[in-house]
Every structure is written in C-alpha cells, then in structure tokens.
1. Counting pairs of alpha carbon atoms under 8 Å apart in space and at least six apart in sequence, what relative contact order in percent does region 11-217 give?
2. Quick check: residue separation of Ser131 and Asp56 times 0.36 nm, minus the Cα distance between them. What number comes out in nm?
3. Springs between alpha-carbon pairs under 10 angstrom, Gaussian network model over the chain: which of Tyr130, Tyr197, Tyr177 fluctuates most?
4. Of Ser78, Ser105, Ser176, which has the largest mean-square fluctuation in a 10 Å C-alpha GNM of the chain?
5. My understanding is that a pair violates if its Cα-Cα distance is over 22 Å; which of Lys44/Lys120; Lys20/Lys209; Lys135/Lys209; Lys44/Lys144; Lys44/Lys135; Lys49/Lys144 do that in this structure?
6. Just to check, using Stokes-Einstein with a Kirkwood Rh over alpha carbon pairs, what's the diffusion coefficient of the chain at 37 °C and 0.692 mPa s in µm²/s?
7. Could you give the angle, 0 to 90 degrees to the nearest 10, between helix 49-64's Cα long axis and the longest principal axis of the Cα atoms of the chain?
8. Suppose only helical runs count, i.e. DSSP H with n ≥ 4. What mean residue ellipticity at 222 nm does that imply for the chain under -39500 (n - 2.57) per run, divided by all residues and rounded to the nearest 500 deg cm²/dmol?
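None of the figures in this text is laboratory data; all of them are computed from the coordinates on show. Because the structure is predicted, anything quoted here is derived from the model rather than measured. When we count neighbours, we look across all protein chains shown, and the Cβ atoms used for this are built from the backbone with ideal geometry, even at glycine.
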Amino acid sequence: MKLDFAQLLPSIPFILEGLKVTLMIVGAAGILGFLFGIILSLFKISPVKPLVWFADAYTSVFRGTPLVLQLMIIFYGSPQLFGTQIEPYTAAILSFSLNSAAYISEIIRAGINAVDKGQKEAAMALGIPYSQTMKDIILPQAIKNILPALMNEFITLTKESAIVTVIGAMDVMRRSYMVGSDLYSFFEPLLLAGFIYYIMVMVLTLLGKLLERRLKGND
C-alpha cells in the first residue's frame, strides 16, 4: 500500500473551509433541536392528551426512520411540497433539528421526571405559576442532571452532519471526497476528514466536562 500525504498538503485549506459549513449546520440545528425538544418534553408531561399524543407520535416517527431519509425527503421533496428547491444548508438544519428534537425531548422528559416531585408540589402550595415553576425550578435542575446525555446527543449530531454530502453541501466530508476525486486517491483526504471530526468531538467532550464540573461546583 502506497500512501502519499504530501500530495494532500495543497488541498488542506480547501478541506478546512468545509468546517464553516459543518459548524454552522451543527450549531443551528443543535440550538433549534434543543428549543423544540424542550417544547416536546413539556407536551409529553402535559395533562392535555392531544399534546401528549402529538409529541409521542412525533418522537416515534423521527426516531423510527433514518436521518438520511429525513434529510433527502426534505431536500428532494421540497419542490413538490413548497414549489421551490430549498438550499442544502437549510434542508440540513431543518432535518437535523427536527430529528435531534425527538431525542432531546426524551432526555429532557426523563430529567424532569427525575426531579423530586415535592419541589413542584411546594411551588404550587406557594402559589407560583406552573410556567415559572418549570422555568426557574424544575428545568434548571433537570438540565444539570442530563447534561452528559445532552452532550452525547450534540456529539452524535456533529458526526452525523457528515451525511449532508449526499445533498451536495460543501462540508468537510464533501470537500474531502472532491479532493480524493481530483487526486485519484481517497484514503488520505478521507483520513484527514476523520481526524477533523475526531478533533471536533474531543473539543466538545472537553467542553462538556468543564461545564459539568462548573455546574457541580455551583451546587
């Protein structure tokens, strides 16, 4: 096996340009997925049955079908659904955030249920509104308890973002594949792409541990 990493050097800046796309998609999808996940989790514990049914059905569909299928339906199906072709980046953010929300809602729901029910009952006895109780008392404790699971979901989202290459988004993976096509040698650029994703995951893992320690220090 003959490897030549020297031929890859001129293409490294081109591949690294894809980091902007990857980080933009992951960042936007992570924030939107988290916010929508909170809403879904509140639906799941709501006394209003239609909201519970909607949230459960939503989670079942998005957890029960492949993410790449959801991405391709949104991207390739947009001309039929909306009468226009949406951008690959928009399709990626939509599909990733909708998919991530399903998983995050289950994580947050479990975190909310893990909080001592006595705190909710005490807040109700004091006349604190439900919305304020969730915002100021229940959710902060739940988020602190489920932080490792949330970080794992964000790490998974970062790695799965590589599938945007199937719709032509110019991320790290797509650019690495293009370089491989130009050089007639795919191993070296794809290995570089893998190293870039590994570094991103390690940085996220470190940030997650630092945040977890800080939250524990505030107990």
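1. On the way: 220 pairs, mean separation 58.2, N = 207.
Relative contact order of region 11-217: 28 percent.
2. Working: separation 75, 0.36 × 75 = 27.00 nm, distance 2.16 nm.
Taking Ser131 through Asp56 to full extension adds about 24.8 nm, to one decimal.
3. Among Tyr130, Tyr197, Tyr177, the largest mean-square fluctuation in the Gaussian network model of the chain belongs to Tyr130.
4. The residue that fluctuates most here is Ser78.
5. Details: Lys44/Lys120 17 Å; Lys20/Lys209 24 Å; Lys135/Lys209 24 Å; Lys44/Lys144 20 Å; Lys44/Lys135 16 Å; Lys49/Lys144 28 Å.
Exceeds cut-off: Lys20/Lys209; Lys135/Lys209; Lys49/Lys144.
6. Details: Rh = 19.5 Å.
In µm²/s, the coefficient rounds to 168.
7. Compared with the principal axis, the helix lies near 20 degrees.
8. Details: 10 runs with 169 residues, N = 219.
Rounded to the nearest 500, it is -26000 deg cm²/dmol.
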